[in-house]
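Student: Structure incoming, see below.
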Amino acid sequence: MQTNTHEIADRIYRLSTCVLDAAPGGFTFNQFLIDADDPLLFHTGPRRMFPLVSQAIARILPLERLRWITFGHVESDECGAMNEFLAAAPHAEVAHGAIGCMVSLNDLCDRPPRILADGEVIDLGGKQIRHIDTPHVPHNWEARVIFEQATKTLFCGDLFTHAGDGPALTAEDIIGPALAAEQIFHATALSAATTSTIRRLAALEPQVLAVMHGSSTRTRCGDALLGLADVYDLMIKQD
Ligand SMILES: [Fe+2]
Ligand SMILES: [Fe+2]
């Protein structure tokens, strides 16, 4: 396995590792590094992927400069290596929403996490990220996303998860491949709040969607979110 890096927006890097046997055509585990005065990592990758991911980061900036470690929800691909990163970066803090900290991270983190209020903005110096609670979207009570305001990049985590080892950025449709993956994994917790939450993210008018599994996109991002919400509406009505 190898971890490839690609700049998907100004000083925002996608670190991508494809695991061939995780899905037909392979399945990528992507982390995103925001290179700012206070660098931020979104998703740590699984604990056993720490050597690959940390070496990929070190090709962009010194690991010990990492200031923020953050992620959507508590699963091994999201945060399995957070304590390894806390050990490697002495000034780094884990940041997460109130539910994530209360339920899991106050206990799991080797240093106390920074608790973020819904809508709170962290100024990274050159970039600003907004924390947005999205409970149960796409899954887990503590779920959240972040929105980088200078580049209008929405780090949408498991939303639009799709298989294959495609390009870092695609201009192709990402809804169809996401629905195909949904048929395999059934990962989305479809609930009364799912589609209104996704439409709220579309209202941010993102210019980049940073996707955790699969290709990211800079093409008609708001329409992609609205289209995904429309399809989920249909699926919820069929249940
Ligand atoms: Fe997940
Ligand atoms: Fe994931």
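The values are calculated or read from the model by the stated rules, or taken from the named source; none is laboratory data. These numbers were taken from a predicted model, which means no experiment stands behind them. FYI the Cβ positions are ideal-geometry reconstructions off the backbone, even for glycines, and counts take in every protein chain you see. For accessibility, only protein heavy atoms count, side chains too; no ligands or nucleic acids. Shrake-Rupley method; radii C 1.70, N 1.55, O 1.52, S 1.80 Å.
Student: Could you compute how much accessible surface Glu172 exposes when probed at 1.4 Å, giving the result in Å² to the nearest 10?
Tutor: Glu172 exposes around 130 Å² with every protein chain in place.
Student: Which residues among region 151-188 fall inside the zone where the amide N is under 12 Å from a point 7 Å beyond the Cα of Arg220, along Cα→Cβ?
Tutor: 171-176
Student: While we're looking at this one, here's another question. Roughly how many Å² of Val121 are accessible to a 1.4 Å probe, to the nearest 10?
Tutor: Roughly 70 Å² of Val121 is accessible to a 1.4 Å probe.
Student: For region 1-111, which whole-number percentage of the solvent-accessible area (1.4 Å probe, protein heavy atoms only) is attributable to carbon and sulfur atoms?
Tutor: 50 percent
Student: Next question, about the same structure. Could I have the simple spin-label model distance between Ala117 and Ala193, label points 7 Å from Cα toward Cβ, reported in nm to one decimal?
Tutor: 1.9 nm
Student: Let me ask another. Could you give log10 I(q)/I(0) at q = 0.14, 0.18, 0.27 Å⁻¹ for region 164-239, computed by the Debye formula over C-alpha point scatterers of equal weight, without solvent?
Tutor: With no solvent term, the Cα-only Debye profile gives -0.45, -0.74, -1.43.
Student: Right, another one. Between region 189-229 and region 132-154, what is the separation of their alpha carbon centroids in Å?
Tutor: Distance between centres, Cα-based: 10 Å.
Student: Using only helices, what value at 222 nm comes out for the chain when you add -39,500 (n - 2.57) per DSSP H run of length 4 or more and divide by the total residues, to the nearest 500 deg cm²/dmol? Walk me through the intermediate numbers first.
Tutor: On the way: 6 runs with 58 residues, N = 239.
Value at 222 nm, helices only: -7000 deg cm²/dmol.
Student: Angle check, please: helix 221-238 long axis (alpha carbons) against the longest principal axis of the chain (alpha carbons), in degrees 0 to 90, nearest 10.
Tutor: 60 degrees
Student: Could you tell me the largest-minus-smallest coordinate of the C-alpha atoms of the chain on each of the three principal axes, in descending order and whole angstroms?
Tutor: Largest to smallest, the principal-axis extents are 50, 36, 31 Å.
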